[in-house]
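Okay, structure first, notes after.
The values are calculated or read from the model by the stated rules, or taken from the named source; none is laboratory data. Note that the structure is predicted; figures quoted are calculated from it, not measured. In this analysis, Cβ positions are derived from the backbone assuming ideal geometry, glycine residues included, and neighbour counts consider all displayed protein chains. The protein model used for the area step is the full one, side chains on, heavy atoms only, and it has no ligands, DNA or RNA in it. Shrake-Rupley method; radii C 1.70, N 1.55, O 1.52, S 1.80 Å.
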Amino acid sequence: MVNLLIIFLVCATHTVFVNGQNIGKITELSEPVVAKVGGFAFVNCTVSSPQSIENNILVEWVFLNATDGGKSVSSDCTITESHNIIAGKKKYEIFCVDLDNNDKRYALRVNALSVPDNGLYQCRVRISSEQKPTDSMAVSLTVLSPPKIVKSSSDITVYGIINGTASMRCDGQGIPGPNVTYGRASGRPLPKGRYEVLTNKTSATSTTTVLKLYNLTKEDRGTYRCSADNNIRPPEDLFSRLIIEFKPSVSLVEPSYGSPTGENTQIMMWCRVDGYPRPSMTWYAMTSADTQRFKAGNLELDEKFYSNAKVILTDEKYQVEQKIMTVGSQSTMDSMFYSLSLQTVESVDMVYYVCRAMNTHGEDAQAVLLYPVNALADERNTGTTALSESTFILFTLSVLFSRHIFIR
């Protein structure tokens with residue numbers, strides 16, 4: 001049910017009598033009118049006047065809007081509003097109906113309702129030779145409008161850091177003022193105990209809210225939805241993206257890959273890199289000696305190692321590619337998959353390969369081992385790459401399906 005506060009203001013100025021006779025009196029006025037945007041509304045005013053002076057009485061409808069203090073809409077049975085044609089249609093129409101006992105009804109119809117039509121419509125009665133009304137009363141017209149969210153670029157993308165605070169603002173407008181709620185676009189709950197919603201009803205038609213998240217974690221990053229609803233359809237949503245800055249985190253799809261050697265052999269290895277700003281990523285190849293030292297726990301992946309290690313770039317033997325993780329139709333800015341492909345695998349290639357990622361917040365690295373397998377079955381020569389890709393897909397689906405993340 002729409003909780004709506006309607007202010008009904010009736011203003012009676014005075015009633016003039018001549019020789020004990022009432023000169024033009026309002027005997028009936030519409031109740032407050034409520035209608036929807038795009039529709040129409042009637043406001044009715046019934047006036048009684050002595051037959052002897054009936055032709056000297058003028059009945060006017062005046063719109064008491066706040067912007068210009070009031071404008072005349074009709075006089076007797078004629079529309080006086082100069083801009084009455086909007087988009088080829090009449091904005092106002094007046095219908096006059098003679099009733100019994102010298103009463104006459106003046107029905108004003110307001111078409112193509114919009115929010116600016118909200119306000120008081122005053123029925124005024126006066127003698128044609130006088131400017132001062134003999135009687136006047138006003139009826140309120142409330143135009144219900146669906147909610148709208150005031151958007152700005154700062155509302156769309158919000159940045160935060162680990163253990164920091166982030167705020168997302170959502171300003172809803174509508175008649176009546178909308179209720180504003182928040183959630184995550186993925187359907188996951190807001191972080192329990194680490195958020196609050198600040199609400200300020202700035203007017204009867206406007207609500208300002210702020211969603212504050214505290215002690216941010218990487219899991220808080222993603223898309224958030226602000227919904228404004230006042231039971232006038234349709235509601236409106238605003239989607240904001242929260243980006244958390246954090247140091248890179250490297251994870252392996254598989255810790256090792258086996259491959260035969262020789263002509264027509266190929267292998268593809270994968271690593272996943274998370275971090276924001278988006279990290280730079282480099283593949284390195286260990287020497288056979290370093291591989292043995294690393295297996296024995298006698299080698300650290302430090303600057304000394306990187307300064308002597310072989311940097312792998314795309315050439316005739318190697319191919320380095322990246323695949324973007326997407327949520328729905330939007331690509332993420334903080335998660336990437338990187339692949340390293342080797343063409344014509346040789347025994348010298350059976351070493352550790354290091355996936356290293358760096359950004360302004362730090363770095364991380366993981367080493368994946370390529371080991372030899374005997375070619376007992378020739379079909380392994382052509383099946384290694386397919387195995388790696390299928391394993392990659394299974395890993396991706398099992399880990400990321402709940403987040404509706406896809407790879408392209």
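Side notes on the structure shown:
- Count of residues meeting criterion [buried (at least 19 other Cβ atoms within 10 Å of the Cβ) and either within 17 Å of Ser251 (Cβ to Cβ) or within 43 Å of the chain's Cα centre (by Cα) (or both)] in region 270-312: 12
- Summed over region 154-193, residues that are closer than 23 Å to Gly275 by Cα and either touching a Pro at 6+ places or on another chain (Cβ under 6 Å) or polar (S, T, N, Q) (or both) total 6.
- Taking region 177-225 as the region of interest, the strands (runs of 3 or more DSSP E) fully inside it that hold 1 or more residues being polar (S, T, N, Q) and touching an Asp or Glu at 6+ places or on another chain (Cβ under 6 Å) are 179-184, 206-213.
- Condition check for Pro248: in a strand (DSSP E or B) and either under 20 Å from Met336 (Cβ atoms) or in contact (Cβ under 8 Å) with a residue 12 or more places away in the chain (or both): yes
- Every residue from region 333-349 that is within 17 Å of Ala309 (Cα to Cα) and either part of a helix (DSSP H, G or I) or open to solvent by 30 Å² or more (accessible area, probe 1.4 Å) (or both): Val348, Asp349
- Lone qualifier among Gly193, Gly174 - being surrounded by 18 or more Cβ atoms within 10 Å (Cβ to Cβ) and of a type in the set (Gly, Ala, Ser): Gly174
- Members of region 134-175 that are in contact with a Phe, Trp or Tyr (Cβ under 7 Å, 6 or more places away or on another chain) and under 28 Å from Asn65 (Cα atoms): Ala138, Val139, Ser140, Leu141
- Selection status of Ile267, of a type in the set (A, V, I, L, M, F, W, C), surrounded by 13 or more Cβ atoms within 10 Å (Cβ to Cβ) and either touching a helix residue (DSSP H, G or I) at 6+ places or on another chain (Cβ under 6 Å) or free of Cβ contacts under 8 Å to residues at least 24 places away in the same chain (or both): yes
- As a summary of the residue check, Thr208 satisfies the conditions (1) of a type in the set (Ser, Thr, Tyr); (2) surrounded by fewer than 16 Cβ atoms within 10 Å (Cβ to Cβ); (3) within 30 Å of Gly177 (Cβ to Cβ) except for the one numbered (2).
- Of all residues assigned to region 269-280, at least one qualifies as being assigned to a strand (DSSP E or B), in contact with a Phe, Trp or Tyr (Cβ under 8 Å, 6 or more places away or on another chain), aromatic (Phe, Trp, Tyr) and modelled with pLDDT of 95 or more.
- Some residue of region 98-117 being open to solvent by 70 Å² or more (accessible area, probe 1.4 Å), without any contact (Cβ under 8 Å) to a residue 40 or more places away in the chain and not in a loop (DSSP other than H, G, I, E, B): yes
- Scan of region 220-234 for residues that are surrounded by fewer than 19 Cβ atoms within 10 Å (Cβ to Cβ) and farther than 25 Å from Pro191 by Cα, ordered by number: Asn231, Ile232, Arg233, Pro234
- Residue check, Asn179 open to solvent by 30 Å² or more (accessible area, probe 1.4 Å), on the phi < 0 side of the Ramachandran plot and either in contact with a Phe, Trp or Tyr (Cβ under 8 Å, 6 or more places away or on another chain) or without any contact (Cβ under 8 Å) to a residue 12 or more places away in the chain (or both): no
- Single unsatisfied condition, Ser136 versus (1) assigned to a loop (DSSP other than H, G, I, E, B); (2) in contact with a Lys or Arg (Cβ under 7 Å, 6 or more places away or on another chain); (3) of a type in the set (S, T, N, Q): (1)
- Per-region count, region 126-135, residues surrounded by 13 or more Cβ atoms within 10 Å (Cβ to Cβ) and either at pLDDT 95 or above or in contact with a helix residue (DSSP H, G or I) (Cβ under 9 Å, 6 or more places away or on another chain) (or both): 1
- Residues of region 23-52 that turn out to be in a loop (DSSP other than H, G, I, E, B) and either surrounded by fewer than 18 Cβ atoms within 10 Å (Cβ to Cβ) or on the phi > 0 side of the Ramachandran plot (or both), as a count: 8
- Restricted to region 81-97, and to residues there that are outside any strand (DSSP E or B) and open to solvent by 60 Å² or more (accessible area, probe 1.4 Å), the residue that is nearest to Pro50 (Cα to Cα) is Ser82.
- Just one of the listed residues (Glu93, Glu81, Glu54) is of a type in the set (Asp, Glu), over 17 Å from Ile26 (Cβ atoms) and modelled with pLDDT under 95, and it is Glu81.
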